[in-house]
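Written out below as structure tokens is the structure these notes cover.
Rule-based calculations on the coordinates, nothing more; no lab input. Keep in mind that what you see is a predicted model, and the values were worked out from it rather than measured. Here Cβ is always computed from backbone atoms with ideal geometry, including for glycine, and neighbour counts include all displayed protein chains.
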Amino acid sequence: MKQENVSLKTRTDDFEHQKMLEIKNLKVVFPMEMGLLRAVEGIDLSVDKGKCVAIVGESGCGKSVTSLATMKLLNPAQAVVQVDKMELDGMDITQLSEPEMQKLRGRKVSMIFQDALSALNPVMTVGKQLDEIFRKHFKISKKEAKARSIEALRMVGIPEPQMRYKAYPHELSGGMRQRVLIAMAFACHPDLIIADEPTTALDVTIQAQVLQVLSDMQRKNGTSLILITHDLSVVVHMADEICVMYCGKIVEKASTRDLFKQPLHPYTKGLINSVAKMSDEKGEFVQIPDSLPNPMNKPQGCYFHPRCPYATEQCRQEMPYMETLENGRQVRCWNWREEVCYVE
Ligand code: SF4
């Protein structure tokens with residue numbers, strides 16, 4: 001049994017007033033014919049100004065639903081959202097109406113979606129789509145909007161931006177379309193951007209380029225960023241903090257450095273091992289066994305217990321609580337002390 005070796009630096013709450021986003025106890029339930037689908041089960045999330053927080057987990061773990069709930073983009077006819085606190089730059093957004101939220105979206109908070117082809121209007125040039133954003137949020141002439149749009153395309157590294165301004169989405173490559181989405185998201189200099197799997201549809205080389213653009217834009221503009229991904233390798237150079245989600249709950253939260261140096265939760269260890277083994281020379285890929293449980297029928301106790309090599313009887317019976325360590329990192333596991341997980 002390995003010994004605990006967790007840094008216990010004292011954390012101060014100096015940054016309390018610097019939060020761009022603060023969410024407490026967010027729950028999202030989809031009533032279905034078969035019963036209730038509890039997609040998000042009481043998560044807390046906060047993002048400091050200018051920082052990048054990654055939400056990582058397998059497909060279906062609730063990370064995209066979390067982002068849509070944060071943007072208030074879930075259809076109230078389909079999803080029941082409950083939250084104790086949701087503040088954007090100190091402003092309570094829980095009670096804002098849809099027209100009020102529309103004013104915030106784009107200007108204060110914006111989103112980059114995974115599938116640029118679906119996110120972009122296929123029958124409008126990318127330039128005109130950018131123009132619309134500028135003209136919606138600023139009282140400017142068509143000529144001024146066009147100039148800003150071309151500059152926005154240039155800022156995200158699109159070559160010959162005057163030419164691309166006139167292109168339709170299908171005339172651009174996947175990487176280029178994703179850059180257009182990044183340009184649109186940053187167009188009004190929002191305080192917070194939520195990027196949901198922004199590079200999943202791209203091949204690895206283009207993925208790295210697009211992430212670099214996103215990272216550069218975020219740092220240059222001092223924007224807060226929530227980066228949602230199933231791929232831990234995507235966040236290692238970008239995120240300041242990582243939240244690992246499993247079956248609608250956050251199971252570990254730590255600074256990127258601490259998380260990669262010493263993952264405490266067995267699921268996090270599995271995710272990191274997958275990344276490490278994928279990039280080794282043998283190309284061996286070690287997967288976490290089995291897959292996510294049926295969201296309509298989650299197991300009793302710790303949701304991860306059917307896949308966990310350290311599961312005990314207590315794990316099969318009782319849901320572990322989220323424990324906060326003295327250095328601020330958090331973990332939801334009965335046995336993290338006994339089974340502190342090292343990346344081999
Ligand atoms: Fe594994 Fe038990 Fe920890 Fe869940 S609580 S992750 S089953 S050791």
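When both bridge partners sit in segment 18-239, DSSP labels roughly 55% of those beta bridges antiparallel. Three principal axis extents describe the C-alpha atoms of the chain; from largest down they are 67, 50, 46 Å.
Using 0.36 nm per residue and subtracting the Cα-Cα separation, the extra length available between Arg257 and Lys49 on full extension is 73.0 nm. Positive contributions from Lys and Arg (+1) and negative ones from Asp and Glu (-1), summed over other residues with Cβ under 14 Å from the Cβ of Met71, come out at +2. Would you please give the FRET efficiency between Lys220 and His137, computed as 1/(1 + (r/R0)^6) with r the Cβ-Cβ distance and R0 = 22 Å, to the nearest 0.05? Using R0 = 22 Å, I get an efficiency of 0.65.
Site pair Val80 and Glu160 shows an inter-label distance of 5.6 nm when each label is modelled 7 Å from Cα along Cα→Cβ.
In the chain, the longest principal axis of the Cα atoms and the axis of helix 266-278 are about 60 degrees apart. Quick one: angle between helix 174-186 and the longest Cα principal axis of the chain, in degrees between 0 and 90, rounded to 10, please. Between the helix axis and the principal axis of the chain, the angle is about 80 degrees. Using θ = phi - 60° in the Karplus curve 6.51 cos²θ - 1.76 cosθ + 1.60, the 3J(HN,Hα) couplings for segment 218-230 round to 4, 5, 4, 8, x, 7, 7, 9, 10, 10, 9, 7, 8 Hz; x is entered for Gly and Pro.
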